[in-house]
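J.: Okay, here's the structure, questions in a sec.
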Amino acid sequence: MNRRRINQQKKGEVKMPFIQINILKGRSPEKKEKLIHDVSDLVSNVLEAPVENVRVMINELEPEHWGIAGQSVKKRKEGSE
């Protein structure tokens, strides 16, 4: 089977973009709602998909579960105080 055909949308097929966003905990519910709204609109426009088909999932991470340059964000914040 032709690889190009696999990636092409078949007539009548509905594509549902699924976006995952990883952020550190601490944002307000209002900020997360705005993020979901704005990302959905952007993805809808760029991919030419109905906004109703766009799915967004926010994964909130604890600062001690995210590392930068060999050190957790929690530890980095403690060092900058």
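The values are calculated or read from the model by the stated rules, or taken from the named source; none is laboratory data. Bear in mind that the values here come from a model prediction, so they are computed numbers and not experimental data. Here the Cβ is made from the backbone with ideal geometry for all residues, glycine too, and neighbour counts use every protein chain on show. Surface areas here come from the heavy atoms of the whole protein model, side chains and all, with no ligands, DNA or RNA. Shrake-Rupley method; radii C 1.70, N 1.55, O 1.52, S 1.80 Å.
J.: Would you pick out the residues in segment 16-35 that are modelled with pLDDT of 95 or more, surrounded by 10 or more Cβ atoms within 10 Å (Cβ to Cβ) and either closer than 27 Å to Lys77 by Cα or more than 11 Å from the chain's Cα centre (by Cα) (or both)?
T.: Selection gives Ile21, Asn22, Ile23, Leu24, Lys25, Arg27, Lys31, Lys32, Glu33, Lys34, Leu35.
J.: So, in segment 13-47, exactly how many residues are under 21 Å from Glu62 (Cβ atoms) and assigned to a loop (DSSP other than H, G, I, E, B)?
T.: Summing the residues that are under 21 Å from Glu62 (Cβ atoms) and assigned to a loop (DSSP other than H, G, I, E, B) in segment 13-47 gives 4.
J.: Does segment 53-63 contain any residue that is modelled with pLDDT of 95 or more, of a type in the set (Lys, Arg) and in a helix (DSSP H, G or I)?
T.: No, the conditions are met nowhere in segment 53-63.
J.: Considering only residues that are hydrophobic (A, V, I, L, M, F, W, C) and open to solvent by 90 Å² or more (accessible area, probe 1.4 Å), which ones fall in segment 36-80?
T.: Listed by number, the residues that qualify are Leu42, Val46, Leu47, Ala69.
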